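Below is one structure; the comments refer to it alone.
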Amino acid sequence: MQLVPTAHPDVLLLEPTVHGDHRGFFFETFRGSVFAAAGLPEHFVQDNHSKSSAGILRGLHYQLQQPQGKLVRCIAGRVFDVAVDLRRHSSRFGQWVAVELSADNKRALWIPPGFGHGFLVLGESAEITYKCSTYYHPASDRSLRWDDPTLAIAWPLTSAPVLSDKDRTAPLLDAAELFP
């Protein structure tokens with residue numbers, strides 16, 4: 001497994017070493033020692049699994065008082081996965097990184113605490129799993145508008161996305177509660 005830098009130095013792509021033959025394949029989805037060597041958390045407290053249909057866009061989500069680091073993988077289908085730096089003190093505040101995660105490429109994305117996360121389903125459906133560094137805390141749950149013009153995320157949309165009420169009514173960056 002290799003940790004590969006993205007356009008944002010705090011967001012890392014995990015490229016697994018896949019061992020395959022006529023029976024199928026095997027790879028490690030996480031190794032604590034690789035994360036520890038990179039100074040990243042090697043302990044996660046919650047695993048989540050989500051399934052979404054074609055055209056679904058989820059996000060941009062984050063937890064304000066109890067920020068979560070997330071290790072995101074797509075285990076079925078394909079998603080356009082986005083991380084946005086929401087730390088006001090960061091020199092990269094408001095910058096976003098996007099990668100395609102799919103069952104075929106078997107990649108994972110490390111999104112540190114202090115970032116918003118969202119994804120768009122790129123096919124008929126997709127399933128993602130993600131490890132979280134802190135527990136879900138409903139009182140800390142926040143959402144930022146996916147189409148904020150200040151962020152100008154280049155979502156690969158072919159039609160209007162399907163959104164939850166929470167995501168449809170989320171505030172823009174200049175009105176959102178953010179990290180110091």
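Just so it is clear, none of the values below were taken in a lab; they were calculated from the coordinates. Bear in mind that the values here come from a model prediction, so they are computed numbers and not experimental data. Please note: Cβ atoms are built from the backbone with ideal geometry, for glycine as well, and neighbour counts cover all protein chains shown.
Put a dot 7 Å past the Cα of Ala160, heading toward its Cβ, do the same for Phe27, and the two dots end up 3.8 nm apart. For the range 76-171, the gyration tensor built on C-alpha atoms gives a rounded shape. Its axis ratio a/c (a ≥ b ≥ c) stays under 1.5.
Counting neighbouring Cβ atoms within 10 Å and putting the fewest first, the residues Tyr136, Tyr62, Tyr130 line up as Tyr136, Tyr130, Tyr62. Within the same chain, lysines fewer than 8 places from Lys106 are excluded, and of the rest, those with a Cα less than 17 Å from its Cα are Lys51, Lys70, Lys131. The slack in the chain from Arg168 to Thr6, taken as 0.36 nm per residue of separation less the alpha-carbon distance, amounts to 55.5 nm. Among Ile75, Ile153, a tally of other beta-carbon atoms within 10 Å of each Cβ gives an order, fewest to most, of Ile75, Ile153. This ranking places Val72, Val18 by how few other beta-carbon atoms lie within 10 Å of each, fewest first, which gives Val18, Val72. In loop segments of the range 56-130 as defined by DSSP, the trypsin sites (Lys or Arg not before Pro) with at most 14 further C-beta atoms inside 10 Å of their C-beta are Arg88. Between the listed residues Val72, Gly59, Pro112, the Cα displaced farthest toward the positive end of the dipole of the range 2-175, a dipole computed from Cβ unit charges relative to the Cα centre, is found at Pro112. Residue separation of Ser53 and Val34 scaled by 0.36 nm, minus their Cα-Cα distance, works out to 3.5 nm of gained length.
For the range 110-163 versus the range 1-54, the spacing of their alpha-carbon centroids is 18 Å.
Distance distribution note for the range 2-175: the fraction of Cα pairs above 28 angstrom is 19%.
Remark: relative contact order (the chain) = 29 percent; criterion is Cα-Cα distance under 8 angstrom and separation of 6 or more residues.
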